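First the structure, in the form of structure tokens, and then the observations on it.
The values are calculated or read from the model by the stated rules, or taken from the named source; none is laboratory data. Everything numeric in this text was worked out from a predicted model, so none of it was measured. Here the Cβ positions follow ideal geometry from the backbone for every residue, glycine too, while neighbour counts run over all protein chains shown. Only protein heavy atoms, including side chains, enter the accessible area calculation; ligands, DNA and RNA are left aside. Shrake-Rupley method; radii C 1.70, N 1.55, O 1.52, S 1.80 Å.
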Amino acid sequence: MVELKKTRVGFGHGLVDAGRKSEKVVVLVGDLRDSTNVNFFAEEFPQRFIEVGIAEQNMANVAAGLSLVGKIPFFTTYGAFATCRCLDMLRVTICYSNLNVKIGGAHGGISVGPDGATHQALEEISILRSLPNMKVIVPCDYYETRKATLASIDIKGPVYIRFGRENVPVVTGEKTPFEFGKGALYRDGGDVAILACGVMLYEALAAADELQRDGIDARIINIHTVKPIDEDIIIKAASECGAIVTAEEHQVYGGFGSAVAEVIVKNSPVPMEFVGIQDSFGRSGQPEELMQTYHLKAVDIIKAAMKVLGRK
Amino acid sequence: MNPFNFDIEQLNQKALDIRRDIITLLVESQSGHSGGPLSCADMAAALYFNILNHNPGNPDDPVRDLNFFSIGHVSPLIYSVLAEAGYFPLRDLLTFRKLNSHLEGHPNCLHTPGIEVSAGSLGQGLSIACGAAYGIKMDGSERSVFCFMGDGEQQEGSIWEAVMFAAHYRLDNLCALIDYNHRQIDGETEKVMNIAPLAEKYWSFGWNVYEIDGHNMGEILGALKACSEFTGKPSVIIGHTVMGKGVSFMEGLAEWHGKPPAPDQGEKALAELGTTFREWSERLRNG
């Protein structure tokens, strides 16, 4: 039985790790203390925890100001608000000035569930990828989110960490290395490469098991750092496998798959399929129902793999 | 300590020089804003040449006070003040808005020494100042934080989020200055989107408020010193000013918000300010 844990708890625990490592770490939240799991940090470091209330634009720039006096601020809210509502602050103040602000983007993806489309962040990667100086990490599970959060304090400039609401399978372990900017090979294979970010890594691994039963060897790569993306591992996968499938719990337009495609078309063009949200908003439902309805399951990755193999 | 500590007479002279710089660099660039820079000149001169604890020789001095210009479009004023204070050579002012100049249309803190944060989109500076003031209080430091705002940007909702935050956390190391020149690009502030009664708004949000003549150096210095002594609340100085102050044909006219004087207009303006383009550009070129 696969272990399930919340990535947002990984973020919360990662903040505590970061707070213990550096006294400069400060955490801000916009009236979402418990649901973004910054409560752990607030309990251990109340003097370094700032409640900003329901004022995300202010929160982003208060974080900017804190960074200008030497703090390492994390501002935290749902990803839909952290990106769309604060976009001008992210662009003009934080990215243009290349400030050392970290952003905790909670409730990433359709698996947010019953809260519905307004709270299901599906656009963050597309938006943030277009901002110079911004770095984007989409960890796959609890441990990776925790490690990415701690690692982000040593990465200069703005860093966005995307995580989800629900329990999701644990794929990595406490000791699995996390290296910012580097993709990681999770399963070798030469027929098709499936590149995944976030919780889709688990679905990709499940898809690979199924594909193997049909005699297809799928290479599975975890790309937690979507920007800057690991070009080498992508080019190698394209040239050795000759077919690529990307999987993301996010809009396909401008998202992770697009980032991979940009690398491939410039270096080693091969057929590609994109598993992700196909240009629509989400809706209410149970997380699992939504993942099925919006075609984000292993079965959908298998279909994409078969399709791309047919184009090889 | 302020490195200049100018008296009122010296400050008035510095404000005049700043106005001459502004017109000269705008004539040279033929692009940029005239009205706001001229209306801010007196308050900015007082801040940088008497109040602000800063170190032009070491812009990153860790004990310096911080001033954030929320109004990036008054860049001619900002650059003049910084050059006059010695952050970079006066001759750089003649490169304003040109390719490869560090003096961009709106200030970029990664390029220009003395700029604390890049600005250009209105309504952002006060939140940044709040964060800096909060961080400084966390450290138990005595540094002060200032924020220069325009009146038009009081229409931005984010300003009022920051106003609430500063009062909630009693950021008494924060002093905001508002250049209330009653004009914005589309016309009179009262007609475009009224922000009055501004003092009452800040007061009711829990701020310590001063309303002054933003061109009277004695009143400006008095208010800035009162702010630094006031405890328990953030302070705001609402400086009533005249857009285009010092150049008769620009004064009070919104049309001068966002355009530079043509060369003949610039000559006329500089004559009113007691110099000529040739004389003043020569001073800058050699500075």
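Residues are listed down the side, and each one gets a yes or a no for (1) under 24 Å from A:Asn100 (Cα atoms); (2) among the acidic types (Asp, Glu); (3) more than 14 Å from chain A (Cβ to nearest Cβ):
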residue: B:Thr24; (1), (2), (3): no, no, yes
residue: B:Asp42; (1), (2), (3): no, yes, yes
residue: B:Asn50; (1), (2), (3): no, no, yes
residue: B:Asp60; (1), (2), (3): yes, yes, no
residue: B:His73; (1), (2), (3): no, no, no
residue: B:Gly86; (1), (2), (3): no, no, yes
residue: B:Asp92; (1), (2), (3): no, yes, yes
residue: B:Gly114; (1), (2), (3): yes, no, no
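Show me the strands (runs of 3 or more DSSP E) found entirely inside region A:203-258 where at least 3 residues are open to solvent by less than 10 Å² (accessible area, probe 1.4 Å).
Once the strands (runs of 3 or more DSSP E) in region A:203-258 are filtered for at least 3 residues that are open to solvent by less than 10 Å² (accessible area, probe 1.4 Å), what remains is A:218-222, A:244-251.
Taking A:Val62, is it under 17 Å from B:Gln124 (Cβ atoms), of a type in the set (A, V, I, L, M), within 13 Å of chain B (Cβ to nearest Cβ) and surrounded by fewer than 22 Cβ atoms within 10 Å (Cβ to Cβ)?
So A:Val62 fails the test.
Grab the helices (runs of 4 or more DSSP H) fully contained in region B:182-287, keeping just those with 3 or more residues being free of Cβ contacts under 8 Å to residues at least 40 places away in the same chain and under 18 Å from the mean Cα position of the chain (by Cα).
It comes to B:217-229.
I need the full set of residues from region A:58-104 which are part of a strand (DSSP E or B) and β-branched (Val, Ile, Thr), in order please.
Hits for region A:58-104 are A:Ile72, A:Thr76, A:Thr77, A:Ile103.
If you check B:Thr231, B:Thr276, which single one turns out to be hydroxyl-bearing (Ser, Thr, Tyr), within 25 Å of B:Phe148 (Cα to Cα) and out of contact with any Lys or Arg (no Cβ under 6 Å at 6 or more places or on another chain)?
B:Thr231
Can you pull out the residues in region B:120-141 that are outside any helix (DSSP H, G or I) and open to solvent by less than 10 Å² (accessible area, probe 1.4 Å)?
Passing the criteria: B:Gly123, B:Gln124.
Run down A:Gly79, A:Gly19, A:Gly14 and say which single residue is within 24 Å of the chain's Cα centre (by Cα), surrounded by 23 or more Cβ atoms within 10 Å (Cβ to Cβ), over 28 Å from B:Ser118 (Cβ atoms) and touching a residue at least 60 places away in the same chain (Cβ under 8 Å).
Step by step, each of A:Gly79, A:Gly19, A:Gly14 is checked, and only A:Gly14 is within 24 Å of the chain's Cα centre (by Cα), surrounded by 23 or more Cβ atoms within 10 Å (Cβ to Cβ), over 28 Å from B:Ser118 (Cβ atoms) and touching a residue at least 60 places away in the same chain (Cβ under 8 Å).
For region B:95-107, which residues satisfy the criterion of being crowded, with 19+ Cβ neighbours inside 10 Å and away from chain A (no Cβ under 14 Å)?
B:Phe96, B:Arg97, B:Leu103
Please determine, by comparing only the residues of region B:122-145 that are under 17 Å from the mean Cα position of the chain (by Cα) and hydroxyl-bearing (Ser, Thr, Tyr), which one is farthest from the other protein chains (Cβ to nearest Cβ).
Filtering region B:122-145 for residues that are under 17 Å from the mean Cα position of the chain (by Cα) and hydroxyl-bearing (Ser, Thr, Tyr), the one farthest from the other protein chains (Cβ to nearest Cβ) comes out as B:Ser144.
Take the residues of region A:289-307 that are touching a residue at least 12 places away in the same chain (Cβ under 8 Å) and of a type in the set (D, E, K, R): which is surrounded by the fewest Cβ atoms within 10 Å (Cβ to Cβ)?
Only one residue fits best here, namely A:Lys307.
Need the failing condition index for B:Leu110 against (1) within 14 Å of chain A (Cβ to nearest Cβ); (2) in a loop (DSSP other than H, G, I, E, B); (3) within 23 Å of B:Leu177 (Cα to Cα), just the number.
Checking B:Leu110 against (1) within 14 Å of chain A (Cβ to nearest Cβ); (2) in a loop (DSSP other than H, G, I, E, B); (3) within 23 Å of B:Leu177 (Cα to Cα), the one that fails is (3).
How many residues does region B:146-164 hold that are at the interface with chain A (Cβ under 8 Å from one of its Cβ atoms) and open to solvent by less than 10 Å² (accessible area, probe 1.4 Å)?
2
Filter region A:277-288 down to residues that are among the charged types (D, E, K, R) and more than 9 Å from A:Gln120 (Cβ to Cβ) and give me whichever is surrounded by the fewest Cβ atoms within 10 Å (Cβ to Cβ).
Going through the qualifying residues, I end up with A:Asp279.
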